[in-house]
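Let me begin by presenting the structure, written as structure tokens, before commenting on it.
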Amino acid sequence: MLTYIWIAMVVLSVVYGAATGRIEAVGQGAMDGAKAAVNLCMAMLAPMCLWSGLTELLTRVGALGGLNRLLSPVMGRLFPEAKRHGDTALIAANIGANVLGLGNAATPLSIRASKALGKRCEGGVASAELCRLIVLNTASLQLLPMTVCSIRAGLGSEAPFDIVPAVWISSGAALCVGLGAMFLAEKLFGKGRKRK
């Protein structure tokens, strides 16, 4: 659907520019947008490579085991089945990357954790633990929003980290609402499934 929306926007821009005699402005706008996109990608590339490399290094040297032990009480409550099968290290690494605000670096960890949890899903239906992982990955608490701050720095912000208090409040609220909705849905729909 988004593809059709973008195509419609481009076509409408070109048609409007041609009809009003401002086709040069449309072309210049497209070039300026492309330049801004490349600059933004370059600004995000360095921190993303740094944190992705650091995450891979921590995985290879076994340092994620310490994070897993630190988060073990929470993991045991939220992911008891994953804890039994030894999959909590991947989940802990994903949560750690999200807490540091490393959205792009956290994605590969999230995919690996989702695959591990997905092996135990029956009949193509997501398990409660897989749903919990998705909620925690989507509405995670961010203590250091590194990706957003690197974008702000790349776009010329003089104080890229001044958003941190607002991020703490908004991400904490999102996490509470997400977990609350998840537990409510499990209580309501889980019981209905058992009755069937």
Residue within the range 129-143 that is part of a helix (DSSP H, G or I) and at pLDDT below 80 present: no
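Just for the range 171-196: of the residues that are surrounded by 13 or more Cβ atoms within 10 Å (Cβ to Cβ) and farther than 16 Å from Asn137 by Cα, which one is modelled with the lowest pLDDT?
We begin by selecting, within the range 171-196, every residue surrounded by 13 or more Cβ atoms within 10 Å (Cβ to Cβ); these are 171-172, 174-175, 178-179, 182-183, 185-186.
Remaining after also requiring farther than 16 Å from Asn137 by Cα: 185-186.
Values: Ala185: 87, Glu186: 84.
Among those that are surrounded by 13 or more Cβ atoms within 10 Å (Cβ to Cβ) and farther than 16 Å from Asn137 by Cα, it is Glu186.
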Any helices (runs of 4 or more DSSP H) falling wholly within the range 1-110 and containing at least 3 residues that are closer than 25 Å to Glu186 by Cα: 72-78, 80-85, 88-99
Every residue from the range 18-55 that is farther than 30 Å from Leu109 by Cα, open to solvent by 60 Å² or more (accessible area, probe 1.4 Å) and either in contact with a helix residue (DSSP H, G or I) (Cβ under 7 Å, 6 or more places away or on another chain) or hydroxyl-bearing (Ser, Thr, Tyr) (or both): Thr20, Ile23
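Taking the residues in the range 144-170 that are of a type in the set (Ser, Thr, Tyr) and in a helix (DSSP H, G or I) as candidates, determine which candidate is surrounded by the most Cβ atoms within 10 Å (Cβ to Cβ).
Applying the filter and picking the extreme gives Ser150.
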Pick from the range 120-141, criterion out of contact with any Asp or Glu (no Cβ under 9 Å at 6 or more places or on another chain) and open to solvent by 50 Å² or more (accessible area, probe 1.4 Å), ranking: nearest to Gly96 (Cα to Cα): Leu141
Meets criteria (modelled with pLDDT of 80 or more and not in a helix (DSSP H, G or I)) for Val125: yes
So Ala89, is it within 24 Å of Thr55 (Cα to Cα) and either free of Cβ contacts under 8 Å to residues at least 60 places away in the same chain or crowded, with 18+ Cβ neighbours inside 10 Å (or both): yes
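The values are calculated or read from the model by the stated rules, or taken from the named source; none is laboratory data. This one's a predicted model, so the numbers in the text were calculated from it and none came from an experiment. Note that each Cβ is placed from the backbone with ideal geometry, even for glycine, and that neighbours are counted across all protein chains shown. Ligands, DNA and RNA are excluded from the accessible area calculation, which covers all protein heavy atoms including side chains. Shrake-Rupley method; radii C 1.70, N 1.55, O 1.52, S 1.80 Å.
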